[in-house]
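J.: Here it is: the structure, laid out below.
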Amino acid sequence: MPAPFDTQTGHAQHGRYPEARTVEDFQRNLTAVQARIEAACRRAERDPATVRLLPVSKTKPEASLRLAHAAGCRMLGENKPQEAHRKWEAMQDLTDLQWSVIGHLQTNKARLVARFAAEFQALDSLRVAEALDRHLQAEGRSLDVFVQVNTSNEASKYGLLPEGVPAFIQALPAFSALRVRGLMTLALFSSNAERVRQCFERLRSLRDRLRQSAPAGIALDELSMGMSGDFEIAIEEGATVVRVGQAIFGARPLPDSHYWPGEPNTEESQP
Ligand SMILES: *Cc1c(COP(=O)(O)O)cnc(C)c1O
């Protein structure tokens, strides 16, 4: 869908978001992001209530997370299981705060995640599904999960290739503590909006196809896609969850390649 300013993504703005230091800063940033969500929904003729904003607090100190909570955030996204677990432990006094783990998980960290997370957005192997399910059963808990799909075809990105997703989904009903909610992706890091949009289109069309063959009990309603630099495009392409860090918390001091080890921060990679 053509949009008035879709020739560039906001990736170039990374690093320009000032650090949020007060509850008022967080309120202002949340209001601004919500306004951008609503504008994108208007362009796409969507109801803004169908898009959930997940604030991403990775790398930020506990004090910032507490300000975000005071400004109204009730779920926070973290990409590293250990960092998330440490923050959860330190903030148990905030009993209404939930945690979404949005980054790659190794089986040996599944126990940590099973203990505290409400949501896991980066499921990409049956070994991790099995380990999570086993530890969740032991804890008497369940977990909302998203299957991560590599839509950019970059070898450095985590996630299943689209062609592997149908068989993977068929195997998930065996893990009864996992509630499969939908698909998640990270788009190409590019200032070329059309190439970013293609990643989001790929995730949506995969979801639409899978819905017809999904096993009973597997709902594929959710599409988690879009971050500070590209969430408007993701909403135009059907995102139901946008994961936004820097536009709410402020820029991270180091490039994304630092936080996603093994993922080169390619401003322009091969087509
Ligand atoms: C960090 C991160 C985000 C948010 O990125 P921002 O640029 O801070 O908005 C979204 N998704 C994942 C998986 C992340 O690790």
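The values are calculated or read from the model by the stated rules, or taken from the named source; none is laboratory data. On a predicted model such as this, the values are computed, not experimentally measured, just so you know. Every residue, glycine as well, gets a Cβ built from its backbone with ideal geometry; the counts of neighbours run over all protein chains shown. When the accessible area is computed, the model is the full protein with side chains, heavy atoms only, and any ligands, DNA or RNA have been set aside. Shrake-Rupley method; radii C 1.70, N 1.55, O 1.52, S 1.80 Å.
J.: Do any residues in the range 197-223 that are of a type in the set (S, T, Y) have Cβ atoms under 9 Å from those of residues that are open to solvent by 60 Å² or more (accessible area, probe 1.4 Å), where the two are at least six apart or on different chains, and which pairs are they?
T.: These pairs meet every condition: S213/Q170.
J.: Can you tell me which residue in the range 225-257 is nearest to the ligand (Cβ to nearest atom), limited to those that are open to solvent by less than 10 Å² (accessible area, probe 1.4 Å) and more than 15 Å from the chain's Cα centre (by Cα)?
T.: Per the stated criteria, the residue is F249.
Residue by residue, here is whether (1) modelled with pLDDT under 95; (2) of a type in the set (K, R) holds:
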residue: G10; (1), (2): yes, no
residue: A35; (1), (2): no, no
residue: E78; (1), (2): no, no
residue: R86; (1), (2): no, yes
residue: E89; (1), (2): no, no
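J.: Taking the conditions exactly as written (in a helix (DSSP H, G or I) and open to solvent by 60 Å² or more (accessible area, probe 1.4 Å)), does R16 satisfy them or not? Give the derivation first.
T.: Details: in a helix (DSSP H, G or I): no; open to solvent by 60 Å² or more (accessible area, probe 1.4 Å): yes.
Considered against the rule, which asks whether it is in a helix (DSSP H, G or I) and open to solvent by 60 Å² or more (accessible area, probe 1.4 Å), R16 comes out as no.
J.: Whether any residue in the range 182-204 is open to solvent by 50 Å² or more (accessible area, probe 1.4 Å), out of contact with any His (no Cβ under 6 Å at 6 or more places or on another chain) and over 14 Å from S152 (Cα atoms) is what I want to check.
T.: The answer is no; no qualifying residue exists.
J.: Then there's this: Report the residue count in the range 152-169 for those that are open to solvent by 30 Å² or more (accessible area, probe 1.4 Å) and either modelled with pLDDT under 95 or within 14 Å of A117 (Cα to Cα) (or both).
T.: Residues in the range 152-169 being open to solvent by 30 Å² or more (accessible area, probe 1.4 Å) and either modelled with pLDDT under 95 or within 14 Å of A117 (Cα to Cα) (or both): 4 in total.
J.: Also, quick follow-up: Please go through the range 92-113 and give me each residue that is free of Cβ contacts under 8 Å to residues at least 40 places away in the same chain, of a type in the set (A, V, I, L, M, F, W, C) and either in a loop (DSSP other than H, G, I, E, B) or more than 16 Å from the ligand (Cβ to nearest atom) (or both), ordered by number.
T.: L94, L97, L105, A110, L112 - these are the residues of the range 92-113 that are free of Cβ contacts under 8 Å to residues at least 40 places away in the same chain, of a type in the set (A, V, I, L, M, F, W, C) and either in a loop (DSSP other than H, G, I, E, B) or more than 16 Å from the ligand (Cβ to nearest atom) (or both).
J.: For S100, state whether it is touching a Gly at 6+ places or on another chain (Cβ under 8 Å) and farther than 22 Å from R179 by Cβ.
T.: no
J.: For the range 119-151, how many residues are open to solvent by less than 20 Å² (accessible area, probe 1.4 Å) and not in a helix (DSSP H, G or I)?
T.: 13
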